[in-house]
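To start, the structure itself, in structure tokens.
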Amino acid sequence: MNSPEAARAALMAIGREFHQRGWSLATSSNYSVVVGRDPLRLVLTGSGFDKGRLTPADFVELDRDGGRVDAEVPGGPRPSAEARLHVVLARTAGAGAVLHTHSVWGTVWSEAVVARGHLRLQGYEMLKALPGVTTHEAVVDLPVYANTQDIAGLAARIEARWAAPTPGLPPAFLMAGHGLYAWGRDLAEARRHVEAVEFLLEVLGRKAALHGGWNPGDPDHGLDTHS
Ligand SMILES: [Zn+2]
């Protein structure tokens, strides 16, 4: 288990990397690491900070209900409205770390397939970076939710879905026009899941461009994802 200090340092490094890679621009995104299980404690990035330039002062510490357990400083960091999603994933989905990004490809794909409710990922070796996937032929349907200001309502749906996951449900979902949430048992695993999903989103996007477009009526996105 990470100390709160180690968690902050690790998330500062994640912020520098994800900002450089274009996944966390313009103060978007938020990241958390569980630093205690009994009782649940997590360190979360405060709202509105440049993720490429995080300092140890830019974090908050929350309990299992999203309440503050660190000292609130006037003018100091505050949790974003999305903090509730981190808390729910930490207590229900076995997440030891949750990483939320706002990438270009995550934004594009989430909007394109929100009516269907998922984005199908199939036929790629990179899928093996996800837990339980042993063959590139696996079918992974990445859930996509409509963007909403009702984070409490979305958190309840997320909690119910990952409390009783269907086979093949990945540790990740998209919010339409918004971005990706991915998590893992620890920060290294969460980072791997973000990297794998962001890679696959970019591959599908570039492939659609290469093949002259995308057919939303085709269950395979109108792409031949098997060759
Ligand atoms: Zn967000």
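The values are calculated or read from the model by the stated rules, or taken from the named source; none is laboratory data. Note that the structure is a prediction, hence the values are computed from the model and not measured. Using ideal geometry, Cβ is built from the backbone for each residue, glycine included, and neighbour counts are taken over all protein chains shown. Accessible surface areas use protein heavy atoms only, side chains included; no ligands, DNA or RNA. Shrake-Rupley method; radii C 1.70, N 1.55, O 1.52, S 1.80 Å.
Tabulated values for the structure
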quantity: Positive-end residue, the chain charge dipole about Cα centroid, Cβ charges, pick of Ser24, Gly168, Ala9; calculated: Ala9
quantity: Cα-centred dipole magnitude for the range 103-151, charges only on beta-carbon of K, R (+1) and D, E (-1), debye, nearest 20; calculated: 60 debye
quantity: Whole-Å distance, taken between Cα centres, linking the range 165-195 and the range 3-73; calculated: 17 Å
quantity: Formal net charge of residues neighbouring Asp63 (Cβ-Cβ distance under 15 Å; K, R +1; D, E -1); calculated: +1
quantity: Thr27 versus Ala71: modelled label distance in nm, points set 7 Å from Cα along the beta carbon direction; calculated: 2.5 nm
quantity: Rounded to whole Hz, the Karplus (6.51, -1.76, 1.60) HN-Hα couplings of the range 164-175, x for glycine and proline; calculated: 10, x, 6, x, x, 5, x, x, 6, 8, 10, 10
quantity: Whole-number percent relative contact order across the range 28-155, with pairs defined as alpha carbons under 8 Å at least 6 apart; calculated: 21 percent
quantity: Accessible surface ranking that places the most exposed of Thr27, Thr101, Thr92 first, with a 1.4 angstrom probe; calculated: Thr27, Thr92, Thr101
quantity: Diffusion constant of the chain at 10 °C, which comes from Stokes-Einstein with the Kirkwood Cα-pair radius and 1.306 mPa s, µm²/s; calculated: 89 µm²/s
quantity: Mean separation of Cα contacts under 8 Å (6+ apart) over length of the chain, as relative contact order %; calculated: 18 percent
quantity: Full-extension gain in nm, Lys207 to Ala6, via 0.36 nm per residue minus C-alpha separation; calculated: 68.4 nm
quantity: Residue-normalised accessible area of the range 1-102, expressed per residue, 1.4 Å probe, Å²; calculated: 43 Å²
quantity: In Å², nearest 10: area of Glu5 left accessible to a 1.4 Å probe; calculated: 130 Å²
